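The values are calculated or read from the model by the stated rules, or taken from the named source; none is laboratory data. Model, not experiment: these values are computed from the prediction. Neighbour counts run over all protein chains shown; Cβ positions are idealised from the backbone, glycine included. Heavy atoms of the whole protein, side chains included, go into the accessibility calculation; ligands, DNA and RNA do not. Shrake-Rupley method; radii C 1.70, N 1.55, O 1.52, S 1.80 Å.
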Amino acid sequence: MEKTPTHVIVECGGVGYLVKISLNTFSKLGDDENLKIYTQLQVREDAHTLYGFYSIAEREMFNHLISVSGIGASTAILMLSAMTSDEIAAAIVNEEVGIIQSIKGIGAKTAQRVIIDLKDKVAKSDFATENIFTANNTNQNDALTALLALGFDKKKAQKAVSKVVTDDQSVEEIIKEALKVL
């Protein structure tokens, strides 16, 4: 198997397939000859192109990104090379245009379009919950964990915690406010 930062050649049934990958996928692939890679075939008039991903979540984010007008497969791979799928999801849910715009080739209008088009889809997906919240806020994560332990639906609990959280709140305060919303 041949492996480069932009693609891998995967042999299947004696045939080698060129599979385009992101830098994040490249960094997670080991030196093992036998590996599992999740692929997505994109069929265009002039080419059939395979894209490969280390995880199902990364492939899911790729599919979300290419559904946005103005973002093609190459731009989506570039975005997934610059940030992990969880980081992109967090930026989308938190409406952080600047973070998405910091990716090479993404302008302000495209970043806004990504957020508008994908916010609801990404919020419903199972990207890492702790990354969707504001960075390093363990109180939010602890409050969410407590609400889940009480039997509340994950998506509703996430929304409630996101609505009520402010800076310098204790876990108990976040839970009390979130329970009022739920």
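Applying the condition of being aliphatic (A, V, I, L, M) and open to solvent by less than 40 Å² (accessible area, probe 1.4 Å) to segment 13-34 and asking which residue is farthest from the chain's Cα centre (by Cα) yields 19. You will find that of 162, 125, the residue that is at pLDDT below 85, of a type in the set (Gly, Ala, Ser), open to solvent by less than 60 Å² (accessible area, probe 1.4 Å) and at negative phi is 125 and no other. The residue of segment 136-159 that is modelled with the lowest pLDDT, among those that are open to solvent by 80 Å² or more (accessible area, probe 1.4 Å) and either more than 19 Å from residue 179 (Cβ to Cβ) or part of a loop (DSSP other than H, G, I, E, B) (or both), is 136. Residues that are of a type in the set (Ser, Thr, Tyr), within 12 Å of residue 122 (Cα to Cα) and buried (at least 19 other Cβ atoms within 10 Å of the Cβ) are absent from segment 54-75.
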